[in-house]
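Taken together, the values in this text are just the output of simple stated rules run on the coordinates, not laboratory data. Keep in mind the model is a prediction, meaning the values are calculated, not measured. Cβ atoms come from the backbone with ideal geometry, glycine included; neighbour counts cover every protein chain shown.
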Amino acid sequence: MATYHVIQAALQSAVDDGVFPGAQLAVRLRGELQCVAVAGRLSSEPPGLPVQPSTIYDLASLTKPLATVTSVLLLIQGSKVALEEPVQQVLAELEGVPIGQATVRDLLAHRSGLPGWRPLYARLEARGIVPALSGGSQLVKQHVLQMIRDEPLIYARGERSVYSDLGFMLLGFLVERLSGMALDLWCEETIIRPLRADPLMFCPAAGRAQLGVARPTVDASRIAPTERDEWRNRLLRGEVHDENAAALGGVAGHAGLFGTVESVLAVSEAWLHAYKGKWSILNEELVRQFTTRQEPASGSSWALGWDTPSAPSSSGSCFSERSFGHLGYTGTSLWIDPVCELEVVLLSNRVHPNRRNEKIKVFRPFIHDLAYREFVSTG
């Protein structure tokens, strides 16, 4: 019989083995929350408070599906943009260069030709541009947009798939341009509040007036720190770990979101409900399209902003081929299997005290297989 204690013991064992200082794990099956397990401490250097279900983690690249992909789907749903629309139709600064021809679909499927990553934050610094503390500034955004525009493509558009933060930065700018709102404010209004996904937020350590309502800063004791960052020369706590997102004021299309397992599940539920034809703020047909692998013949596992299982997969060996999910560099993940209606969220700060720890690569498939066996196979 499935029990909370099996998952709890696995998490604690991972803490003891140094996979991460602490973690949260939530499992939901057919709409019923099976467990929210926590283990370890917020930090190891110095030893922090015990992890709680209310502990807030830097979600890293879970920002992509939860904030950016959900936003793009809502904009398509509202007839503000189309999947086949070249990005230069929205971001006029990209007209006349190859990346401007990339479509929204190309960016979502990581097949635009852009490289995965570039140290844009360092290039900004070299130009004497001081990043904003919270929410970004138009000057910084324009410089970043210009740098991505001028970045040579590393392959022909559509030729192959290379996971790209730069492509998702463009999608973040696209959401802002189409909505007329900063990305964090748009997400608050159209995703977080409607889905009651609190506390899901950007810049938790910096209070900001959102939609006329001042959001206070979050108590730092609730936030798990990430790395002792050499660029910023301090331990990061409530500041986004990703340097390029930090240069954009902590709000970007590829990273910057913070939350708990239950706030992540609130957005996950909207995707799963739509997939199954239940009531959701998301359109069923679009959700099915966004979660379907785009180019199986090319060997790419990418759907539209979501990944799908490919051996070996971080989702383990049990999730069905119709599953979709995503990872976050800081030690986070979300996997959804619509066949059995299983959702598994893992949040940790495996980059604390530094990013060299990669033991989570073995733990992720193990914990997903364990959750599947305990809650689905024996159910």
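So here's what we get for this one:
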{"quantity": "Pair-distance profile P(r), taking every C-alpha pair of segment 63-222, with 10 angstrom steps and integer %", "calculated": "10, 37, 36, 16, 2"}
{"quantity": "Lys, Arg +1 and Asp, Glu -1 on Cβ, resulting dipole of the chain about Cα centre, debye, nearest 20", "calculated": "180"}
{"quantity": "Difference of contour (0.36 nm per residue) and Cα-Cα distance, residue 356 to residue 317", "calculated": "11.4 nm"}
{"quantity": "Kirkwood Rh and Cα Rg combined as Rg over Rh, evaluated for segment 339-379", "calculated": "1.10"}
{"quantity": "Distance violations [Cα-Cα > 29 Å] among 278/359; 278/361; 64/359; 141/278", "calculated": "278/359; 278/361; 141/278"}
{"quantity": "Furthest towards positive pole of dipole, 73, 112, 99, structure part segment 63-222, Cβ charges", "calculated": "73"}
{"quantity": "Cα centroid separation, segment 45-119 to segment 230-253 (Å)", "calculated": "17"}
{"quantity": "Computed FRET value (nearest 0.05) for residue 123 with residue 159, which takes r as the C-beta separation and R₀ as 25 Å", "calculated": "0.40"}
{"quantity": "Amide proton proximity set for residue 322, modelled H, under 5 Å, gap of 5+", "calculated": "none"}
{"quantity": "Size of charge dipole - segment 63-222 - debye, nearest 20, with Cβ of Lys, Arg +1 and Asp, Glu -1, no other charges", "calculated": "200"}
{"quantity": "Taking the C-alpha atoms of segment 171-313, convex hull volume expressed per residue in Å³", "calculated": "155"}
{"quantity": "Cα→Cβ-extended label distance, 7 Å offset, between residue 80 and residue 13, nm", "calculated": "4.6"}
{"quantity": "Dmax and Rg, reported as Rg then Dmax, of the chain (C-alpha, Å)", "calculated": "19.5, 61"}
{"quantity": "Order of 5, 273, 352, 326 - criterion: other Cβ atoms within 10 Å of each residue's Cβ, fewest first", "calculated": "5, 273, 326, 352"}
{"quantity": "Net length gained if the chain between residue 5 and residue 373 were fully extended (0.36 nm per residue, minus Cα distance)", "calculated": "131.1 nm"}
{"quantity": "Selected from 245, 172, 311, residue furthest toward positive end of dipole (the chain; charges at beta carbon)", "calculated": "245"}
{"quantity": "Given charges at Cβ of Lys, Arg, Asp, Glu: the chain dipole, positive-most of 38, 323, 153", "calculated": "38"}
